[in-house]
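**Student:** Structure incoming, see below.
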Amino acid sequence: MSGEVSLTRHISSDEPRVLVVDGSRVVRQLIERVLKTELPNAVVIGCGTGAEARTHLDGGVFDLVTTALRLPDMDGLELARLLRENSNQAYIPLIVVSGDVQERLVARTLSSHVTDYFDKALGFDALAAFIRGYVRPAEQVDGTVLYVEDSRVVALATRRMMEKCGFKVTHVVSVEDALALLETWRAQHNGPGVDLVLTDVVLKGELSGGDLLERIRNHFGWPKGALPVLVMTGDDNPANQTTLLRIGANDLVHKPVEERLLVNKLQFQLRVSRRQREQAGASA
């Protein structure tokens, strides 16, 4: 889940500086190993407390920061707030790496100061894929997207964002149209027939984006790993956002849409979904 901080700065190509903040030395080493794999030339600095992190942040500019939610001396969200108040660090990607991300998402206790969140339950291999979306934005993940949006203007702009980055997009204006396509594709492919669904909440017709989400999870029986669903919403009501997450949304995309953030979310969900299918196939 992400806040609304715009990503106006990207990782530098020569020697990016990355700050890893976690009270566990073991976790810091695991994250540092992932970062070194993705960024062989990176300068990775690990620290165990918020105070130590603040010292490093005051001493220079970083290109990426990861932090735990629970630090020995402060909450990771407080560290995020302090980072955003530093003008030199105002727009860099800040990723929370934690084991209770989903609980905080549902409780709506997360922060707009954070760029994105990663759940440790997905594993550190998945973390590598997640970080790759930020540190190597030029690397594209091709995939097919069923996009549900009834505003032609919004749909045109958002579709261009996705197609520019290599996604193949099928656009429909209603949930009814989306369900008809999914039924056809299931009959043809014995599965979703598409890699990901991106849907608005309020749509023309009797059904909403929430109804589409409920049908995908319950009627079709496709879990998050089989068919990721991202829900676009301009609704700031925490209860409504919580409902979408509880009934099976993989993530929410806040309107107005920020292109880099949308593409990162799409690419990450595709990578994780493909990894889960590969692991399921290997187990079978």
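Every read-out reported here was derived from the displayed coordinates using simple, explicitly stated rules and does not represent laboratory data. Source: prediction; values computed, not measured. Glycine also receives a Cβ, built like all others from the backbone with ideal geometry; neighbour counts cover every protein chain displayed.
**Student:** Report, ordered by chain and residue number, the lysines lying within cross-link reach of Lys164, taken as a straight Cα distance under 17 Å and ignoring same-chain residues fewer than 8 apart.
**Tutor:** Cα-Cα hits under 17 Å: Lys265.
**Student:** Also, I was wondering about something else. On a 29 Å Cα-Cα criterion, which of the cross-link pairs Lys120/Lys255; Lys36/Lys120; Lys224/Lys255; Lys120/Lys204 come out too long?
**Tutor:** Lys120/Lys204
**Student:** If you don't mind, there's one more thing I want to ask. Could you calculate the contour length gain from Asp142 to Thr55, that is, 0.36 nm times the residue separation minus the distance between their Cα atoms, to one decimal place in nm?
**Tutor:** Using 0.36 nm per residue and subtracting the Cα-Cα distance, I get 27.3 nm.
**Student:** For the stretch 144-283, rounded, prolate or oblate, judged on the Cα gyration tensor with a ≥ b ≥ c (square roots of eigenvalues), a/c < 1.5 rounded, else prolate if a/b > b/c?
**Tutor:** Rounded, because the longest to shortest axis ratio a/c is under 1.5.
**Student:** Test of understanding: extend the Cα→C-beta vector of Val202 to 7 Å, then name every residue of the stretch 212-245 with backbone N under 16 Å from that spot.
**Tutor:** Backbone N within reach: 232-241.
**Student:** Charges at C-beta only: +1 for Lys and Arg, -1 for Asp and Glu. How large is the resulting dipole of the stretch 135-243 about its Cα centre, in Debye rounded to 20? Could you put the intermediate results ahead of the total?
**Tutor:** Values: 11 positive and 15 negative charges, 72 e Å.
In debye, rounded to 20, the stretch 135-243 gives about 340.
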